[in-house]
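In what follows, a structure is listed as structure tokens, so that the remarks can point back to it.
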Amino acid sequence: MKKLIKSLSAILLCVGLFESCSTVPIIGRKQLSLLPESSMIQMGLTDYQVFMKANKVSANQKATQMVQTSGSRIAAAVTKFLKDNGKASQIANYQWEFNLVADATANAWCMPGGKVVVYEGILPYTISEAGLAVVMGHEIAHALAHHGNERMSDGLVQELGGMALSKAIESKPEATRKIFQQAYGIGSQLAFILPYSRLHENEADRLGLILMAMAKYDPNEAVAFWERMSKSDSGNKITAWLSTHPCDEDRIASLKKNLPEAMKYYRLALAGK
């Protein structure tokens, strides 16, 4: 009887996981999403607020303006695309914010709900507003594709047996928070982004190209940006972004392969379509 109950539980869990699949926008890949986006946004907002209280915003007004401009343009393009395709509900609760913080680390991240932080240390590699759009597009793509939700869903299945989020928070709050922080990478002291899988990175690269193209930024800038980043490793000094977004010849080759697709969106955007 115990074996039967265990088998039935496993079947019910598999059915639940199947019903909890969502689809990555544009790319179309099915993914596991056990968690309500509203819960992800709330947890993200909490950690984002902690981070912003512990860090200083940049005094570089020109660079701050570029961050806000590029971020706002991409957010507007994302909103328009999803609305035009009947999927506006995917970001219905997003409240976009774009911040530049006074930190020499080359880093950037986007939390669920549209909270984006760029570090001053990445500016020597972005150089221009278009270069910033590469970074913004890539990080916003991770959030739009719900990669963190997918990683956290995997974590709940592996560590908590697929327990519902509400139940996990109630019975194992510390474990749930740890899984969230590992999924989205926000530590209690500073943002430390754990490496995404190669699959997620490839998706964020491809989707990021398209997002910046929709916002009328030339996606060819992405290749130039990653080439600059690939040359930034000096001895044992590796930038935070490179340690979590590994740049190699295969990645640049993949970006070049995806450029024709992104250029279609770029030409449509320029034509006002």
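The values are calculated or read from the model by the stated rules, or taken from the named source; none is laboratory data. Worth saying up front: this structure is predicted, and the values here are computed from it rather than measured. Using ideal geometry, Cβ is built from the backbone for each residue, glycine included, and neighbour counts are taken over all protein chains shown.
Against the conditions (1) more than 15 Å from the chain's Cα centre (by Cα); (2) in a helix (DSSP H, G or I); (3) at pLDDT 70 or above, Leu45 satisfies every one except (1). Taken over region 30-42, the criterion of being surrounded by 13 or more Cβ atoms within 10 Å (Cβ to Cβ) and either in a helix (DSSP H, G or I) or on the phi > 0 side of the Ramachandran plot (or both) is satisfied by Glu37, Ser39, Met40, Ile41, Gln42. Just need a number here: residues in region 58-82 that are of a type in the set (D, E, K, R), at pLDDT 95 or above and surrounded by 14 or more Cβ atoms within 10 Å (Cβ to Cβ). Residues that pass the stated criteria total 1.
Could you name every one of the helices (runs of 4 or more DSSP H) located completely within region 173-265 that has at least 1 residues being modelled with pLDDT under 75, within 17 Å of the chain's Cα centre (by Cα) and not β-branched (Val, Ile, Thr)? If you could, list the steps in order and put the result at the bottom.
Numbers: elements: 173-184, 198-214, 221-230, 240-244.
Answer list for region 173-265: 173-184, 240-244.
Confirm whether Gln95 is in contact with a helix residue (DSSP H, G or I) (Cβ under 7 Å, 6 or more places away or on another chain) and at pLDDT below 95. Against the criterion (in contact with a helix residue (DSSP H, G or I) (Cβ under 7 Å, 6 or more places away or on another chain) and at pLDDT below 95), Gln95 does not qualify. Can you name the residue in region 83-133 that is out of contact with any Phe, Trp or Tyr (no Cβ under 9 Å at 6 or more places or on another chain) and among the acidic types (Asp, Glu) and is also surrounded by the fewest Cβ atoms within 10 Å (Cβ to Cβ) among such residues? Once the filter is applied, the top-ranked residue is Asp84. The residues listed here are Gly137, Gly148, Gly155, Gly114; of these, the one that is of a type in the set (Gly, Ala, Ser), modelled with pLDDT under 95 and within 20 Å of Gln65 (Cβ to Cβ) is Gly114.
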